[in-house]
Amino acid sequence: MSPNIIASLVPPTPEALAAAGRILAQGGLVAFPTETVYGLGGDATNDRAVAAIFEAKGRPSFNPLIAHVASVEQAAGLVAMTPLACDLARRFWPGPLTLVLPRLENSPVSLLVSAGLDSVAVRLPDHPVARALIQAAGRPLAAPSANRSGAVSPTTAAHVAESLSDRIDLILDGGPCRVGVESTVLDLCGPRPTLLRPGGIGVEDLEAALGQSLLRSTDAPDAPRSPGQLESHYAPTLPVRLNAMTRSDGEVLLGFGPMACTLNLSPDGDLAEAAANLFASLRALDRPGLTGIAVAPIPEHGLGLAINDRLCRAAAPRSGA
Ligand code: TXA
Ligand code: MG
């Protein structure tokens, strides 16, 4: 590693947070820990900062970003916090739930964050460093996962440094992320709450709180969907093969539950542990000289929905980029 990579990775001391807040207020970019994955943060109200995020990630600009806030009141200054949104915020914030809501007419959020939609996704993260940073910046932070677009998401500061350190001003190192998969994205703009992305809050928990089943963006052709849910995503360099119980020649096997394998997401079959280990394991197994990563079946409930969503995209045909 070159010395400037080490220099840009700092522990989140009060001084570092104050410096990071100043960088953000001036339009710079700071990577920071959340409970889900590391985010690449910029001032959500500054067009140039938001454009710099898209550029650093190599992300298509039609894929909107999440505005991260430090309080429900701050969210209410950006979007229409409907009674249902307030209810869900009370139950699940701070936490890995992102709510897509109508933009306020006078919303200070850059139009680039919405990528042409009349909605904004908001989230109050459950990580003290994330909230302290938003407060230090004094503005909402647009923050996608801090990786190059389409690649495996970062769950440690070192992952961020590997792919983005030459494109950002500072990386706050808050240790490994507790949840390990991104937030659940729920669209509340239409007549029925619609799941746009499974994530760190289980669908069962949301449905229990709402007292109704969620519409899925795959349920109906006219159901809301995230423009950013591109098929190939979260992809390591090696091809990924799903639902494997054994490995073929040249492959490594990523296991789940008691089994013989190269690396195990959770030998006890614990989905929360598996989610926390998912992205770091894909990175660790993505080594030259191998032919592919085979992955054991993961149960399709609770956090398993988010894990399988990420694995299916990691295994999807690559668009060539
Ligand atoms: O856990 C997370 O959500 C992480 C951490 C850093 O907070 N962030 C994250 O951001 O995963 P990103 O940009 O990688 O994913 C945001 C997702 C995308 O699928 C995007 O299309 C969707 O949210 N999204 C954002 N704004 C939207 C909107 N207005 N309407 C529909 N979908 C939206
Ligand atoms: Mg991402």
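Scanning region 34-59 for residues that are touching a Ser or Thr at 6+ places or on another chain (Cβ under 7 Å), over 21 Å from Phe279 (Cβ atoms) and not polar (S, T, N, Q) returns Ala44, Asp47, Val50, Phe54.
Take Ser226 and decide whether it is at pLDDT below 95 and either within 16 Å of ligand 1 (Cβ to nearest atom) or not hydrophobic (A, V, I, L, M, F, W, C) (or both). Judged against the criteria, Ser226 is a match. Restricting Glu182, Glu204 to residues that are at negative phi and either within 16 Å of ligand 2 (Cβ to nearest atom) or of a type in the set (S, T, N, Q) (or both) narrows the list to Glu182. Exactly one residue out of Leu215, Leu172 is touching a Phe, Trp or Tyr at 6+ places or on another chain (Cβ under 6 Å) and away from ligand 2 (no atom under 16 Å from the Cβ): that is Leu172. Residue count for region 68-93, restricted to those that are under 17 Å from Gly200 (Cα atoms) and surrounded by 17 or more Cβ atoms within 10 Å (Cβ to Cβ): 5. All conditions but one from (1) loosely packed, with under 15 Cβ neighbours inside 10 Å; (2) of a type in the set (A, V, I, L, M); (3) closer than 21 Å to Pro154 by Cα apply to Leu238; the one that does not is (1).
Answer yes or no as to whether Arg283 is outside the structural domain of Arg59 (by TED's automatic domain parsing) and closer than 14 Å to Gly180 by Cβ. So Arg283 fits the description; yes. Among the residues of region 34-48, the ones that are crowded, with 24+ Cβ neighbours inside 10 Å and either among the polar types (S, T, N, Q) or more than 9 Å from ligand 1 (Cβ to nearest atom) (or both) come to 5 in all. For region 91-116, enumerate the residues that are closer than 18 Å to Ser183 by Cβ and either touching a helix residue (DSSP H, G or I) at 6+ places or on another chain (Cβ under 8 Å) or in a loop (DSSP other than H, G, I, E, B) (or both). Selection gives Arg91, Phe92, Trp93, Pro94, Gly95, Pro96, Leu97, Leu99, Leu101, Val109, Val113, Ala115. Selection of first residues in region 181-194 that are within 12 Å of Pro224 (Cα to Cα) and of second residues that are part of a loop (DSSP other than H, G, I, E, B) and within 8 Å of ligand 1 (Cβ to nearest atom), restricted to Cβ pairs under 7 Å at least 6 apart or on distinct chains, gives the following pairs, ordered by first then second residue: Val185/Gly199; Val185/Ser226; Asp187/Pro224; Cys189/Pro224; Gly190/Pro224; Thr194/Pro224. Among the residues making up region 232-253, those that are away from ligand 2 (no atom under 16 Å from the Cβ) and either assigned to a strand (DSSP E or B) or free of Cβ contacts under 8 Å to residues at least 40 places away in the same chain (or both) are Val240, Arg241, Glu251, Val252, Leu253. Restricting the search to region 51-67, which residues are of a type in the set (Phe, Trp, Tyr) and buried (at least 16 other Cβ atoms within 10 Å of the Cβ)? The one that is of a type in the set (Phe, Trp, Tyr) and buried (at least 16 other Cβ atoms within 10 Å of the Cβ): Phe54.
Got a number for residues in region 175-194 being over 16 Å from Pro102 (Cα atoms) and either away from ligand 1 (no atom under 12 Å from the Cβ) or of a type in the set (A, V, I, L, M, F, W, C) (or both)? Total satisfying the criteria: 5.
Would a scan of region 262-278 turn up a residue that is assigned to a helix (DSSP H, G or I), out of contact with any helix residue (DSSP H, G or I) (no Cβ under 7 Å at 6 or more places or on another chain) and within 16 Å of Pro236 (Cβ to Cβ)? Yes, because at least one residue in region 262-278 is assigned to a helix (DSSP H, G or I), out of contact with any helix residue (DSSP H, G or I) (no Cβ under 7 Å at 6 or more places or on another chain) and within 16 Å of Pro236 (Cβ to Cβ). Scanning region 131-150 for residues that are within 16 Å of ligand 2 (Cβ to nearest atom) and buried (at least 21 other Cβ atoms within 10 Å of the Cβ) yields Leu141, Ala142, Ala143, Pro144, Ser145, Ala146, Asn147.
The values are calculated or read from the model by the stated rules, or taken from the named source; none is laboratory data. Because the structure is predicted, anything quoted here is derived from the model rather than measured. Please note: Cβ atoms are built from the backbone with ideal geometry, for glycine as well, and neighbour counts cover all protein chains shown.
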